[in-house]
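Take a look at the structure below.
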Amino acid sequence: MAAITRREFFRKTATDAAMAGVLAAGGVAALRANPLGLPIGSQTYPHRAMIKDGNFAGLLKELKDIGVERIELCSALGYTDFASLSDGKQVQKTLADHGMKCESAHFSMKELRETQDKSIAWAKDIGITQMITATLSGPVQSGTSTMDAVKKAADEYNQIAAVAAKAGIQQGLHNEGFELAMVDGKRVYDLLFDLLDPKLVKFQFQMSTINSGLVGADYFLKYPGRFISMHLQDVDMNAPLPADPAAGAPARGRGGRGGGRPQKPVGQGSIDWVKTFTAAKTGGVKNYFVEQNMELTKESVAFLKTLKV
């Protein structure tokens, strides 16, 4: 090898360093070539067995390795399988150790009614700024409810959200169970957009409710600025409905409601994801979380890494 001068050595070193910087920047750009430029998130409820077994760190590593950068938890105070995460400051440290963050979590209505102050304290220890509840849990019989029940549930949740707002927390509502019921020909979910205070309550859209006729993109455009988040699943709407509703798609969300057509990895079902994420900008979505088992999550995350909206 021919000898090089000191000047040539430093020139080559500087060039190599610059190229490394370009490659590193390209790597970051590729990592963040996600919808809306937001980090890919995962709701941990489908992976709760690892948390129940005390392997929270192992779950974070597995999710990080496939490209997840944010997680959404369920409250250690309201969900038995998450009880091992009761020390919020330790949870925050474990997250930081794995290069992860958690800005959102689900909370049961029972704990929000009875021990909201403790739930807020736990959330703040972790850095959570969104407190979501899966459903307002109003009465439903044969798929229907009453206007009085809807108004009562909305009034209660507005009060809960007002307390959260004073603590610097955004309260949010998911859509399943009670929200999918009908009242006088109208869906409870639609009624709640008029009854819940837009300054206090945002919404988190469950994409698998397309099984019930709810299309995320339509809601984001109909109610601009009312959403903060969404749970991602895809569904094969061309598949036949199961004869036994309980034997259908994997259970949805916290309520464990099964039925409907089978779930698919994001990008492999019937949902138009470019349309969905484009509309999500209008809806006000600030984060999103894949909510599927690990096998589907891996394929969904791989797709999201390629989706530019």
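The values are calculated or read from the model by the stated rules, or taken from the named source; none is laboratory data. Computed from a predicted model, the values in this text were never measured in an experiment. Positions of Cβ are backbone-derived with ideal geometry, glycine not excepted, and every protein chain shown enters the neighbour counts. Areas reflect the complete protein model, heavy atoms only, side chains present, ligands, DNA and RNA absent. Shrake-Rupley method; radii C 1.70, N 1.55, O 1.52, S 1.80 Å.
Within the range 195-224, which trypsin sites (Lys or Arg not before Pro) sit in a loop by DSSP and count at most 16 neighbouring Cβ atoms inside 10 Å? Can you show the working numbers first?
Numbers: sites: LYS199, LYS202, LYS222; in loops: LYS199.
When the trypsin sites (Lys or Arg not before Pro) of the range 195-224 are filtered for loop state and at most 16 Cβ neighbours within 10 Å, LYS199 remain.
Per the Kirkwood definition applied to all pairs of different Cα atoms, how many angstroms is the hydrodynamic radius of the range 75-198?
Numbers: mean 1/r = 0.0652 Å⁻¹.
One over the average 1/r among Cα pairs gives 15.3 Å for the range 75-198.
In percent, how large is the relative contact order of the range 40-82, given Cα pairs closer than 8 Å and 6 or more residues apart?
Values: 39 pairs, mean separation 24.1, N = 43.
Here the relative contact order equals 56 percent.
In whole percent, what relative contact order does the range 28-126 give with Cα contacts below 8 Å and a gap of six or more residues? Could the numbers behind the result be given before it?
On the way: 125 pairs, mean separation 26.8, N = 99.
RCO, the range 28-126: 27 percent.
Kindly state, to the nearest 0.05, the FRET efficiency for ALA239 paired with ASP190, given R0 = 30 Å and r defined as their beta-carbon distance. Provide the component values of the computation, followed by the final result.
Values: r = 27 Å, r/R0 = 0.89.
Plugging the Cβ-Cβ distance into 1/(1 + (r/R0)^6) gives 0.65.
Arrange the residues ASP87, ASP197, ASP117, ASP234 by how much accessible surface each exposes, largest first, with a 1.4 angstrom probe.
Values: ASP87 85, ASP197 55, ASP117 110, ASP234 0 Å².
The residues order as ASP117, ASP87, ASP197, ASP234, largest area first.
In the structure shown, do any of LYS186/LYS275; LYS166/LYS202; LYS281/LYS305; LYS151/LYS281 have a Cα-Cα gap over 21 Å, and if so which? Numbers along the way, then the final one.
Numbers: LYS186/LYS275 25 Å; LYS166/LYS202 15 Å; LYS281/LYS305 18 Å; LYS151/LYS281 29 Å.
Violating the 21 Å limit, Cα to Cα: LYS186/LYS275; LYS151/LYS281.
Around LYS264, which amide H atoms from residues at least 5 apart in sequence, or from another chain, sit under 5 Å from its own amide H, with H modelled in the peptide plane?
When sequence neighbours closer than 5 places are left aside, the close amide H contacts are ASP234, VAL235, ASP236.
Got a sec? What order do THR144, THR44 fall in by accessible area at 1.4 Å, biggest, i.e. largest, first?
THR144, THR44
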